[in-house]
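The values are calculated or read from the model by the stated rules, or taken from the named source; none is laboratory data. Just so it is clear, the model here is predicted, and its values are computed rather than measured. Reconstructed Cβ throughout: ideal geometry from the backbone, glycine too, with neighbour counts over all protein chains shown. Quick note on the areas: whole protein, heavy atoms, side chains included, nothing else; ligands and nucleic acids left out. Shrake-Rupley method; radii C 1.70, N 1.55, O 1.52, S 1.80 Å.
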Amino acid sequence: LATGLLLASGWDGLADTPAPLLDPFCGSGTLPIEAALWATHTAPGLHRSFAFQQWPSHDRTLWDSILAEAVARQQSRLAQLDGKLAIQGSDRDSGVIEGAIANAERAGVTGLVDFVCRPISAITPPAGPGWLVTNPPYGLRVGEGQDLRNLYAQFGNVVRKQCPGWRVAMLST
């Protein structure tokens, strides 16, 4: 779903110098982490094991060569992007940000995503223009009615003020 939202947004994560990307309601960090994995050409599941590796017919030599190619492609892209990738995730909940940082570590993208604890009213996007891609809170996470309306109104006001020229893509109910 995160990759689908990034693709639908039109974010240029595969460009030589990808545009900045911001998720101001990052929660567990799914969108910024997926953006970093995509931009660095990290193959899905690169750093995990699979059940088929235990099958008697598994060709370990072939698998190791495929992994080596994937790692080489990722390392080449990381060298190409050196200092050119600006991905930021923020959320007002410090515990959630701690979780997002831990998730980035598990995904192998530590240092590629800047996670910051701050409310939407205090976002400071990377130098732009860029893309704001997010899945803002709704339903149980923030409630319905007036609370949700106020949050989305504040979101719109902040984006107009803080992100001129930016593209916005959001997934909501």
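Please verify whether residue 137 is farther than 17 Å from residue 2 by Cβ and touching a residue at least 12 places away in the same chain (Cβ under 8 Å), treating the condition exactly as stated. Here the answer is no, as residue 137 does not meet what is asked.
With segment 1-98 as the region, which helices (runs of 4 or more DSSP H) entirely inside it contain at least 3 residues that are closer than 29 Å to residue 120 by Cβ, in contact with a strand residue (DSSP E or B) (Cβ under 8 Å, 6 or more places away or on another chain) and among the aliphatic types (A, V, I, L, M)? Spell out the reasoning first.
Numbers: elements: 2-9, 30-39, 60-81.
So the answer is 2-9, 30-39.
So is residue 1 under 21 Å from residue 91 (Cα atoms), open to solvent by less than 40 Å² (accessible area, probe 1.4 Å), in contact (Cβ under 8 Å) with a residue 60 or more places away in the chain and not small (Gly, Ala, Ser) or not? Answer is no for this residue.
In segment 62-105, of all residues being surrounded by 13 or more Cβ atoms within 10 Å (Cβ to Cβ) and among the basic types (Lys, Arg), the one that is farthest from the chain's Cα centre (by Cα) corresponds to 73. Among the residues of segment 14-35, are any in contact (Cβ under 8 Å) with a residue 60 or more places away in the chain and farther than 30 Å from residue 165 by Cβ? Scanning segment 14-35 turns up no residue that is in contact (Cβ under 8 Å) with a residue 60 or more places away in the chain and farther than 30 Å from residue 165 by Cβ. Quick one: is residue 69 closer than 27 Å to residue 155 by Cα, of a type in the set (Asp, Glu) and modelled with pLDDT of 95 or more? Here the answer is no, as residue 69 does not meet what is asked.
A single member of 36, 15 is modelled with pLDDT under 95 and small (Gly, Ala, Ser), and it is 15. Screening segment 120-134 for residues that are in contact with a helix residue (DSSP H, G or I) (Cβ under 9 Å, 6 or more places away or on another chain) and part of a loop (DSSP other than H, G, I, E, B) and picking the one that is least open to solvent (accessible area, probe 1.4 Å) gives 123. So which residues in segment 27-45 are open to solvent by 10 Å² or more (accessible area, probe 1.4 Å) and under 22 Å from residue 172 (Cα atoms)? Residues satisfying the conditions are 27, 28, 30, 31, 33, 34.
A search for C-beta distances below 9 Å between a residue of segment 103-119 that is more than 15 Å from residue 82 (Cα to Cα) and any residue that is open to solvent by 40 Å² or more (accessible area, probe 1.4 Å) and part of a strand (DSSP E or B), counting only pairs 6+ apart in sequence or on different chains, returns 104/110.
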